[in-house]
Each structure stands twice: as structure tokens, then as C-alpha cells.
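Asker: Questions regarding the structure given below will be posed in turn.
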Amino acid sequence: MKNAVFLFLFFALKLHAGNIVVLTSLPPEDARTQAKLERIAHKKLNTLGEHELIIESKVDMVSLYNHLTDKDTIALIWLSHGAYTKTSADSPMAVSPKLLDFKMRDLAFIFKKIHPNIQFLGVVGCNSKQIFSETNLEQSGASIYLPKRKIIATWGLRRAIRKLKRVLKKNNAPALSQRPILAKGHRIDIERSTLGEAFAVYAGDHILGVMPKTLKRQSFYLPKGLTPKIVLKTGTSPFSSEDVFGDISIYSNSGEWKVFSKPDGTPFGVNERIFKLRDPLLEGDLEEYELFTN
Amino acid sequence: MVNKFLTGFLSFFLFISVNLTTAPKAEAAIGLIVKNRTAKTVGGIGAASSAVVFGGGLLLAEAGVVTFNIASAVLFVTGTMFFGALGLITLDGETIADVEFMPIKKTTQSDGLTMDEVRMYNSELDELNAIRKSVQTELAEDDSSEDAKELWNAYKGQLHPYTVKVAELKALELAKKFKVKK
């Protein structure tokens, strides 16, 4: 009987010990470095036996978003190229910094939603600190590792892992909170006529979620108090001429959402869409929803 | 030793009621550079794909990052297209920088802008940059700044007049700081 109780507690604790996630997103020509990084991650992190180790490569925004918002993620390290150009702080125009996935799509904005169970977040890309200078990653409560210069991939990963281990040791493995985090907002449904690329859904500075490329319809929630303007982004280069959205519509109880378009109806933007609500949001239309679902 | 470069005139057109003049200068057709598939971009796709291998390890950054030291204007540019919604800077004839409009965090009396104008501009930044990107992609290979201006004029009506005013003033302000290498 005692053994049964012991075994039950052992597995219960192990189930809730959390995942250590290492995500890499390097282009095909960096395959050798990719393999080296995975070997380092296995060797250095497999010793943390009580946590499940998840290592993924060629990660896109969908997988990144899912792990960042997963209640079972206790630590996450991201590795990819970064692109940063220094400009004057008061310049009204600037080259916006980017964190690039294996297809050179920017996904720095995906880091705007981080589950509070994450104790450590490392973003290993050149000049990550500057890339995220306007995004307060510390707000999530996690310890953060961001290189502030150009960095060699393997060095960056080793440094991130050393810091991750110090953080987990210091925090002494608290149980992960499984309680859903609730908020109030207006439900919107996004529908597309054909399958295409995945895109992120934004309102102001908030990321509402990510629509995978395999889905034609998905619901999101616009948090209470936000201006009714939705931006959809794929993160592809503004110099890319291929539009991957197709026909997209947004529905809600508050009325019709209109795409920001040219006089002939063609949407503005390259691989992004801006939708605005014609009428004000209905106050009585608020619903309770889970802030972190994936 | 840093070579001194000659100050050139920026060629762009203003289409607001403010009484400003421009000095014309011939420049590379911007459409050609935008459409050039081999063009390197700063802060974007092309630059990052030329990642540097440093000491046997992969450097996670673009090669040849250019620093925009706007305060002292020590940026080498070969051409600019800077007005209204279009912000493109060409470097070395084959590297282009996609420059976006950013939020204005504070305004001073010398800006000549009201809080309402700045607030409206900040609230329409997504739309302004969307128009900017559309104008860039619509330019044909042999299009000039006149054609770009025409597109901007066609689309700016989709924005609030305050946003248009602020965008055009800020673009002009920034463009004046660049020195053009001949």
C-alpha cells in the first residue's frame, strides 16, 4: 500500500514537473549547426530527469506560440537568426528589428504572450536584447536570457542552458499551476476560403492567437477595452510579392468587420491584413474565455 | 579612414499645403531595386541569409549590418526615396533598407504638432505602414519617384488628414538628415 502511494506521488510529481523546450529555427544551409545544437541540448539537459525535454527544429510561429502558452512549459530556449539595425532612439522612422524563422519570416511579435508557468525564457539570436527592447519580456515573471551582441549559436545555447539550470535550481521546482487563467472579451471568428500560411492575430499590442495553415475557421477573443482593430500577420518579408492570405472574413456579434483596402477593394499591405469594425463593440457581448489555450 | 562624401540633394516631392521646396536629383529607379530579387535587405530577409561563419561557429546575425547613425548622419547612401508613405534607402546600389514609420512617443513645441495629431498618427500606424508596403510592391521596374508619388496621392485619402500631415513631415525631417554618396 505504501509503495502504491509512493509510486502514485512519484508519477504525479513527474507529470507536473514541466517541460523544458528547446526550439531551433535555422534555414536549411545551417543544417550542420542545427545538428550540433540538438546534440548540445540533449547532452546538457537530459540530466534534468524530472522534466520532459522537448527539442524541435524548423519551428514556425504556430509551434512557438503553442509552447509559449502551454501551461506545462517551465523553460523555453529559442534559437534563430536575428536582424537588428541601430537607429536613433527618437527617430520616427526606423528599420524594425526582426527575429527570423527558418523561412526568414519575422516572429518577434509572437513573444508577446508568455504563460506565467514559464520560469526561464532564452531567446538566442544576435542582438536579441535590442530586438526585444520595446517588449517587456520580464513582465511575464520569467528569468530572461537575451544576448546583446552578435552571438555564435553554440555559445549562446550553452550560456542559455547554464542560466536555465541556475534558475530552476534556485526556484526549487514549484508545482505548475494548472488553473485556467480567465479574462473577458468579445469573440470574433476568422474564416478563410482557402488554406494558406499560418498567421498571427493582433489587436493593439496584444496577440490574440495564431491561425494554423491547416484551419479554415477559428475563434479568438478581443480583450475588453481594446480598440476594435484586428491585424493579421504572416511575418513574411515586405519585399515578398506572393500574397498568401486569400479571402479572409471576420465575424462577430457586434457587426461587420471591414478590411482596410484601396478604393478598388484590394487589401492594403503585403502578407498582412487590417480589419476594422464598422460599429462600436457591444458592451453586452462580453464572454469569459481562457487566456492561454493552445 | 572614412571617406568624406558629398552632400547631395534628395529627390522627393511634397504634396501637402506646407510651403517646402525640393531640389531635384536623378536617382536610380526605385522600382528596379525593389524588384531585384538578389537585393540584400537590411533588417530583413536577404541580410540574414548571408549569415557569417565566425571562428567555426555560425553567427546568428546578418553580415554587414549597417548602423544608422542619424544624429551625426554618417550613413552612406546612394539614393533615397523618402516622402509620404515611402521609406526606402539604397546602400551600395544593391542593399536596401525597409524603413518603417514608428510610434512617436513624445512631442515638443518645436515639432509644430499637436497632441491630437500625434495621437491620430500613432493610432493609424498599422494602416500607414500597410500603405507604404503596398506602394513599394506596386512600383514597376522602371518607375520613378513621380510614379511613387502618384500612388501615395491615390491612397493617402484612406488615412486621417492628421496622419498624412505627420507622416509627410516626419519623412521629410528624416530624409534631410541623410547625406547622399555620389
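Asker: Return the pairs, sorted by first residue and then second, in which the second residue is modelled with pLDDT of 70 or more and among the polar types (S, T, N, Q), the first residue lies in segment A:79-90 and is surrounded by 16 or more Cβ atoms within 10 Å (Cβ to Cβ), the beta carbons are less than 6 Å apart, and the residues are 6+ apart or on different chains.
Answerer: A:LEU79/A:THR24; A:SER80/A:SER25; A:GLY82/A:ASN127; A:GLY82/A:SER128; A:TYR84/A:ASN127; A:TYR84/A:GLN130
Asker: Pick out the one residue from A:ARG159, A:ARG192 that is touching a residue at least 40 places away in the same chain (Cβ under 8 Å) and basic (Lys, Arg).
Answerer: Exactly one of A:ARG159, A:ARG192 is touching a residue at least 40 places away in the same chain (Cβ under 8 Å) and basic (Lys, Arg), namely A:ARG192.
Asker: Among the residues of segment A:123-137, which ones are in contact with a strand residue (DSSP E or B) (Cβ under 6 Å, 6 or more places away or on another chain) and either small (Gly, Ala, Ser) or modelled with pLDDT under 85 (or both)?
Answerer: A:GLY125, A:CYS126, A:ASN127, A:SER128, A:ILE131
Asker: Let me ask you something else. As an exercise: evaluate A:PHE268 against (1) within 14 Å of another protein chain (Cβ to nearest Cβ); (2) farther than 21 Å from A:MET104 by Cα; (3) surrounded by fewer than 21 Cβ atoms within 10 Å (Cβ to Cβ) and give the number of the one condition it does not meet.
Answerer: (3)
Asker: Those residues that are modelled with pLDDT of 90 or more and of a type outside the set (A, V, I, L, M, F, W, C), I need them from segment A:254-271; list them, please.
Answerer: A:LYS258, A:SER261, A:LYS262, A:PRO263, A:ASP264, A:GLY265, A:THR266, A:PRO267
Asker: Determine which member of the set A:ILE250, A:ILE207 is β-branched (Val, Ile, Thr), crowded, with 19+ Cβ neighbours inside 10 Å and in contact with a Lys or Arg (Cβ under 6 Å, 6 or more places away or on another chain).
Answerer: On inspection, the qualifying residue turns out to be A:ILE207.
Asker: Which residues, counting only those in segment A:134-188, are small (Gly, Ala, Ser) and in contact with a helix residue (DSSP H, G or I) (Cβ under 6 Å, 6 or more places away or on another chain)?
Answerer: Of everything in segment A:134-188, those that are small (Gly, Ala, Ser) and in contact with a helix residue (DSSP H, G or I) (Cβ under 6 Å, 6 or more places away or on another chain) turn out to be A:SER143, A:ALA153.
Here is a yes/no grid of residues against (1) within 23 Å of A:VAL201 (Cα to Cα); (2) touching a Ser or Thr at 6+ places or on another chain (Cβ under 6 Å):
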{"site": "A:LEU107", "(1), (2)": "yes, no"}
{"site": "A:GLN119", "(1), (2)": "no, no"}
{"site": "A:VAL123", "(1), (2)": "yes, no"}
{"site": "A:PHE132", "(1), (2)": "yes, no"}
{"site": "A:GLY141", "(1), (2)": "no, no"}
{"site": "A:PRO147", "(1), (2)": "no, yes"}
{"site": "A:LYS163", "(1), (2)": "no, no"}
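Asker: Suppose the filter is assigned to a loop (DSSP other than H, G, I, E, B) and within 19 Å of A:LEU68 (Cα to Cα); does A:LEU121 pass it?
Answerer: Judged against the criteria, A:LEU121 is not a match.
Asker: Scan segment A:41-61 residue by residue and report those that are within 20 Å of A:ASP101 (Cβ to Cβ) and surrounded by fewer than 19 Cβ atoms within 10 Å (Cβ to Cβ).
Answerer: Passing the criteria: A:ILE54, A:ILE55, A:GLU56, A:SER57, A:LYS58.
Asker: Test each condition in (1) more than 14 Å from every other protein chain (Cβ to nearest Cβ); (2) in a helix (DSSP H, G or I); (3) closer than 17 Å to A:GLY82 by Cα for A:GLU29 and report the one that comes out false.
Answerer: (1)
Asker: Taking the options A:SER96, A:SER80, A:SER63, name whichever one is closer than 24 Å to A:GLY204 by Cβ and among the polar types (S, T, N, Q).
Answerer: Residue meeting the stated conditions: A:SER96.
The values are calculated or read from the model by the stated rules, or taken from the named source; none is laboratory data. This is a predicted model, so every value here is computed, not measured. Methodologically, a virtual Cβ is constructed for each residue, glycine included, from the backbone with ideal geometry; neighbour enumeration extends over all protein chains shown.
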